[in-house]
Amino acid sequence: MKRELMFVVGSVAFLLALVIGVQFLWQTAQSQPQIPNELVVRPFVEIRFESPSDWKSEMRGSCVAYIPKGGRVAKVTVTRSDGTRIDHQVASTGSVVVCENIVHVDTVGRGF
């Protein structure tokens, strides 16, 4: 009887921990900004990083890749030759790659 009671209590504790864990993961996912999965390639005349300190850079061949630091979402504004400005929210898994006057914006990191 005591053994059966311990089994039931252990099972209930396990299920409760599982429910709490799933709820935590769901709330964490909901609190993250929803970033559209975009892969944009376009000529540009200016690029502005909203907070330059939120980005790290590295060379990729003759191009420069910019990646958001620290698991944060970062914003970049691309100005086209006609003066049009386009803002992009880039996830920490995404990147902005600049090759001469062409910018490649991968907002979530699945395109390059």
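The values are calculated or read from the model by the stated rules, or taken from the named source; none is laboratory data. The structure displayed is predicted, hence computed values, not measured ones. Every residue, glycine among them, receives a Cβ derived from its backbone with ideal geometry; neighbour counts consider all protein chains shown. All accessible areas refer to the heavy atoms of the entire protein, side chains included, with ligands and DNA or RNA removed. Shrake-Rupley method; radii C 1.70, N 1.55, O 1.52, S 1.80 Å.
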**Label-point gap, in nm, between LEU15 and MET1 - each point 7 angstrom along Cα→Cβ** = 2.3 nm
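Assign one of three labels to the chain, namely rounded, prolate or oblate, based on the Cα gyration tensor with a ≥ b ≥ c the square roots of its eigenvalues; rounded applies when a/c is under 1.5, prolate when it is not and a/b is larger than b/c, and oblate otherwise. Before the final figure, lay out each step's value.
On the way: a/c = 4.31, a/b = 3.46, b/c = 1.25.
Taking the square roots of the gyration eigenvalues as a ≥ b ≥ c, the chain is prolate.
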**Request:** Step through the residues of segment 44-51 one at a time and calculate ³J(HN,Hα) from phi using the Karplus curve (6.51 cos²θ - 1.76 cosθ + 1.60, θ = phi - 60°), rounding each to whole Hz and writing x for Gly and Pro.
**Result:** 8, 10, 8, 10, 10, 8, 3, 10
**Request:** Add +1 for every Lys or Arg and -1 for every Asp or Glu among the other residues with Cβ under 13 Å from the Cβ of SER81, and state the total.
**Result:** +1
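How large is the accessible surface per residue of the chain, computed with a 1.4 Å probe and reported in Å² as a whole number?
For the chain, the per-residue accessible area is 71 Å².
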**Message:** Rounding to the nearest 10 and keeping the result within 0 to 90°, find how far the Cα-based axis of helix 2-31 lies from the longest principal axis of the chain.
**Reply:** 20 degrees
**Request:** Would you kindly derive the ³J(HN,Hα) couplings of segment 92-98 from the backbone phi angles with the Karplus curve 6.51 cos²θ - 1.76 cosθ + 1.60 (θ = phi - 60°), listing them in order in whole Hz, with x for Gly and Pro?
**Result:** 5, 8, x, 7, 10, 10, 10
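Order 10-19, 79-88, 59-68 from most to least packed using the mean count of other Cβ atoms within 10 Å. Mind showing how you got there, number by number?
Working: 10-19: 10.0, 79-88: 11.5, 59-68: 14.9.
Descending mean neighbour count gives 59-68, 79-88, 10-19.
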